[in-house]
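Undergrad: One structure, pasted below without further comment.
The values are calculated or read from the model by the stated rules, or taken from the named source; none is laboratory data. All of these numbers come straight from a predicted model, not from anything done at the bench. Using ideal geometry, Cβ is built from the backbone for each residue, glycine included, and neighbour counts are taken over all protein chains shown. Side chains are part of the model used for accessible areas, which takes the heavy atoms of the whole protein and leaves out ligands, DNA and RNA. Shrake-Rupley method; radii C 1.70, N 1.55, O 1.52, S 1.80 Å.
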Amino acid sequence: MPRGGSLTKLAYYSTVQHKVAKVRSFDHTAKETEGDPLYEISVQEEITARLHFIKFENTYIETCLDFIKDHLVNTETKVIKATGGGAYKFKELIEKKLRLKVDKEDEMTCLIKGCNFVLRNIPHEAFVYAKHADSEFRFQNTHPDIFPYLLINIGSGVSIVKVESEDKFERIGGSSIGGGTFWGLGALLTKTKRFDELLQLASRGQHSSVDMLVKDIYGGAYSSLGLTGDLIASSFGKSATTDKEFSKEDMAKSLLHMISNDIGQLACLYARLHNLSRVYFGGFFIRGHPVTMHTITYSINFFTKGEVQALFLRHEGYLGAIGAFLKGAEEDNPNQYSWGENYAGSSGLMSVSPDLNPMQRARSGTFDMLEMDRLERQLVNLPLLQDPSSYVPDTVDLTEDALAREYWLSCFEDALDGVVKRAVASQPDLPQAAERAEKFRQKYLHKLQTLRHQPFAYGSLTVRSLLDTREHCLNEFNFPDPYSKVKQKENDVALKYFQKVVMSLEKLSWEQRQFALVKGLLAGNVFDWGAKAISDVLESDPEFGFEEAKRQLQERPWLVDCYNEWLERLKGPPHKCALFFVDNSGIDIILGVFPFVRELLCRGTEVVLASNSGPALNDVTNSELQILTERIAAMDSVIQTALKEDKLTLVQSGSSSPCLDLSRLDKALATVVLERHTDLVVIEGMGRAIHTNYYAMLNCESLKLAVIKNSWLAERLGGKIFSVVFKYEVPFKSQELKQ
């Protein structure tokens, strides 16, 4: 529990009990009767670990401690970890209220541990601040290797720390001129005691009224030295020679520039001295305030001539709390797990206006919480990514594209009634389903409204983050798999047609069959309950089937059409191993994907089918796919033999999203990919191949295919609804080898 500036931050660990949908295969040894479901769906309780990080105003420390007390039920905790000045100031109060011993932890160690944790576990944690750009927050990709970096912690003074690894860091410098100097001198100059008020004054001031500029001395620029006329020659220089009163605003602005420029120059000198390009800024001086982030950014840009960027952190205010918690949990080693931000419980980043009373923010319960869920699987990069450090999963950043942002926010809002209806229908026998669904609606609607005003609240705003936030909110109100019964029914129906589809394919010539397989794959991908245009059709016309979907597809040439190149490649030697990221249940996986996979197996290509670890919309999950594959193997000798000979492998992706982040995949999947010498990746569906990964560069051949089931998106891409994307890509090196 660190205390910095006027805020106390606390971290606590809890176990969260929530419902999960499990599928279990029926015993099919007994004679089946027509209409028997394929598998059983049960909803079970599961316990997962969650980390909570909360900020409180120091004035409300008693409320804060009451809050902790309420959340320490059934815990073995006997000690509370504390860091920062508050560890001394509130030690007695904490021990008395909570009846726990307070252990003081080293502040810098906690800070570094916290920084490493957020950089490793939260995509888009770091950002560049650009005051006058369309998008003031530009989120950075987290490099797979976060080390080494420089951390400039601006508290009362300044500490400059070089971090080389998880446990190796060194304070290489610092300064006594920091946030405390700004606060102290500012109070003397303006008689303003509150830090936030000082910043508000500074944001309205004109520093040139107080500072002496180059042009005040030379009448213009000093060209021979490359100094522009507007450059500050002397901070507060005019106050010695001008006989007039200066406004509080102008003095606060001059002071802010003086201290920021000093810190900026120091940071640049240390970065150059130690040859470091990643420089993160934190501490209560920053605290997400646009005015301080802008002055620091300007200073760094000036002194390095744009070579080094000032990086800030979304969860900068929590670093000490996270580190103190990690120190206390070392026996369990939280770093051996992967963690994911729970968008339903986290409040996000706000562009804080300094004149907003911080307590109004805290009372609103909106911008002062971070929740991290422990993931069952350790997540790593797909080993086949060409350059993991430059990989961006998302195709469009909605923080930068205002038109697209407005469309998708409205689109998700319009779809909300359907999602609520589906959630209630999935739990006809469970109490309060309608009430919980209504709470889900309010929560998600509130998130959408927040994102309208602060698109950068959770990092880059994308279609993926909107989908994931919706899934997190559904889980929060115990709707783990609203489409479970829909999937079960569609899987049952599709299985009945599998052999018929295979037989009709086998009657075709080789070349006709290759096209029919691709067309089948695309037609299957039409069956997506996540696309409103399709869910409306499926709701109103349950008979809409595989053949109807084929007829709806765009005629060739497709919107993106690499089919001829793919056909030529198939005339060559077989691929060694294909990794296939699958999409929807029912017709998609059974009548689209499996015949395609069967053909690859017949060619002598091993196949790895990667499916979601947890439910999202009507996407097939790994546990469902295991059962489907068993049933298909029972009717098809090719699939059965491939399973027996380990030529067909099923793995989970580690994801519970309708989209796909290739930098956060199950470690077991990455191992299989390497062991099998995978040389083809197939990514199917709008979520995985269009909203994400459309521009992903891989070290091997790839197929990205989808049917565009959204009119607005189709038009944006230059097509119409049901336009086809069939993108076959060969990495540059492979092309060179062929020549």
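Undergrad: Residues to consider are GLU76, GLU32, GLU62; find the one that is at pLDDT below 70, farther than 30 Å from SER484 by Cα and open to solvent by 70 Å² or more (accessible area, probe 1.4 Å).
TA: Just one listed residue meets the conditions, GLU76.
Undergrad: A further question follows. Of the residues ASP414, ASP387, only one is closer than 30 Å to ASP679 by Cα and among the acidic types (Asp, Glu); which?
TA: ASP387
Undergrad: Here's another thing I want to ask about it. Does at least one position in region 431-444 carry a residue that is touching a residue at least 40 places away in the same chain (Cβ under 8 Å), loosely packed, with under 15 Cβ neighbours inside 10 Å and in a helix (DSSP H, G or I)?
TA: No, the conditions are met nowhere in region 431-444.
Undergrad: Continuing with the same structure: Could you run through region 156-204 and say how many residues are farther than 23 Å from ILE112 by Cβ and either part of a helix (DSSP H, G or I) or touching a Gly at 6+ places or on another chain (Cβ under 8 Å) (or both)?
TA: 21
Undergrad: Every residue in region 445-469 that is of a type in the set (S, T, N, Q) and either in contact (Cβ under 8 Å) with a residue 12 or more places away in the chain or farther than 30 Å from PHE139 by Cα (or both), please.
TA: Listed by number, the residues that qualify are THR450, GLN454, SER460, THR462, SER465, THR469.
Undergrad: On to the next question. In region 127-152, which residue that is modelled with pLDDT under 95 and in a strand (DSSP E or B) is farthest from the chain's Cα centre (by Cα)?
TA: It comes out as TYR129.
Undergrad: Is it true that some residue in region 203-222 is closer than 22 Å to ALA267 by Cβ, open to solvent by less than 80 Å² (accessible area, probe 1.4 Å), at pLDDT 90 or above and β-branched (Val, Ile, Thr)?
TA: Scanning region 203-222 turns up no residue that is closer than 22 Å to ALA267 by Cβ, open to solvent by less than 80 Å² (accessible area, probe 1.4 Å), at pLDDT 90 or above and β-branched (Val, Ile, Thr).
Undergrad: Filtering region 267-324 down to residues that are in contact with a Pro (Cβ under 7 Å, 6 or more places away or on another chain) and under 21 Å from LEU198 (Cα atoms), which residue is most open to solvent (accessible area, probe 1.4 Å)?
TA: VAL291
Undergrad: Just checking: which of the helices (runs of 4 or more DSSP H) contained wholly in region 620-709 hold 3 or more residues that are within 24 Å of the chain's Cα centre (by Cα) and over 21 Å from TRP566 (Cβ atoms)?
TA: Because the criterion is at least 3 residues that are within 24 Å of the chain's Cα centre (by Cα) and over 21 Å from TRP566 (Cβ atoms), the helices (runs of 4 or more DSSP H) in region 620-709 that meet it are 667-675.
Undergrad: Moving on to the next point. Taking the conditions exactly as written (buried (at least 16 other Cβ atoms within 10 Å of the Cβ) and under 14 Å from GLU684 (Cβ atoms)), does ALA578 satisfy them or not?
TA: So ALA578 passes the test.
Undergrad: Separate question: I'm told PHE236 meets every condition in (1) among the hydrophobic types (A, V, I, L, M, F, W, C); (2) closer than 12 Å to SER254 by Cα; (3) open to solvent by less than 20 Å² (accessible area, probe 1.4 Å) except one. Can you identify the failing condition by its number?
TA: (3)
Undergrad: While we're on this one: Restricting region 445-479 to residues that are part of a loop (DSSP other than H, G, I, E, B) and open to solvent by less than 10 Å² (accessible area, probe 1.4 Å), which is farthest from VAL392 (Cα to Cα)?
TA: PHE479
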